[in-house]
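Here the structure comes first, spelled out in C-alpha cells, and everything after it is commentary.
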C-alpha cells in the first residue's frame, strides 16, 4: 500500500507539473500537441506502473528512488532537469507566439518513435532486475549481457535519448528541439562516470565492455 501511494503521488505530481509547464506558457488549453504528448507519456507510464506493481514491486521501488549519491551524477540530474524545464516552457511559448512550425507528418513519425522508445524501455526493465535510477552496484548484482544488453551496453539510455528528442517534435517546436539536443551530451557524461564506477565495483563489467563494444548506438558509438 505504501508503494502504491508513493507511485500514485509521483504520477499525479508529474502529470500536474508537465501540464503546467506546457499549457501555462502556451496561454491556452487548446494545444493539441500538448495533449498528444501528455497522452503518449502518461498512459504508458500508468500501464507500466501497474504491471511493475503487480509483477516486480522491488523494481518499481528502485525506479521511484531518484536520489543520487555520486557528485557527478547529481550534476547530470540537475542539468537534465534544467533541459526538461526549458524545453517544455519554450515549446509552450513557441505555440503561443507561433515562432516555428513542424509538419504534421514529422509529428506523427515522432509520436510513433516515442512509443517505440517506450517499448525499448519496457524491454530493458524486463531484462534487468537491477535497473535503478541511481548509479550504484547492488548486492549480488551480475552483469547482464543478453537481449538488448548484448547489442549496446546502455539500452536504457538509448531509449531515453530517443524519447527526449521526440518530445519537442510532438509538441511542434523546433526551438525546443534545439534545447533537447543538449540531452545526449549530458547522457554521455553520465555514462562516462557510470562506467568508471561499474568497472571498479562490478565483477565482470570490464570483460563485458570488451564483449559489447558500443555504448548506445550500434556500430556507431
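Only the coordinates and a few stated rules stand behind these numbers; no lab work does. Because the structure is predicted, anything quoted here is derived from the model rather than measured. Cβ placement follows ideal geometry from the backbone for every residue including glycine, while neighbour counts extend to all protein chains displayed.
Residue order for 154, 101, fewest other beta carbons within 10 angstrom first, comes to 101, 154.
What is the angle, in °, between the Cα long axis of helix 183-201 and the longest principal axis of the Cα atoms in the chain? Nearest 10 is fine, range 0 to 90. That helix lies at roughly 20 degrees to the long axis. Here the gap between residue 192 and residue 98, fully extended at 0.36 nm per residue and compared with their Cα-Cα distance, gives a gain of 30.0 nm. Taking other C-beta atoms within 10 Å as the exposure proxy, 220, 186 rank 220, 186 from fewest upward.
Mind sorting 1, 166 by how few other Cβ atoms lie within 10 Å of their own Cβ, fewest first?
Details: 1 5, 166 24.
Fewest to most other Cβ atoms nearby, the residues stand as 1, 166.
Note on residue 174 and residue 206: their simple-model spin labels are 4.9 nm apart, each label 7 Å out from Cα toward Cβ. Each 5 Å bin from zero holds the following percent of Cα-Cα pairs in the chain: 1, 6, 13, 17, 20, 17, 13, 8, 4, 1, 0.
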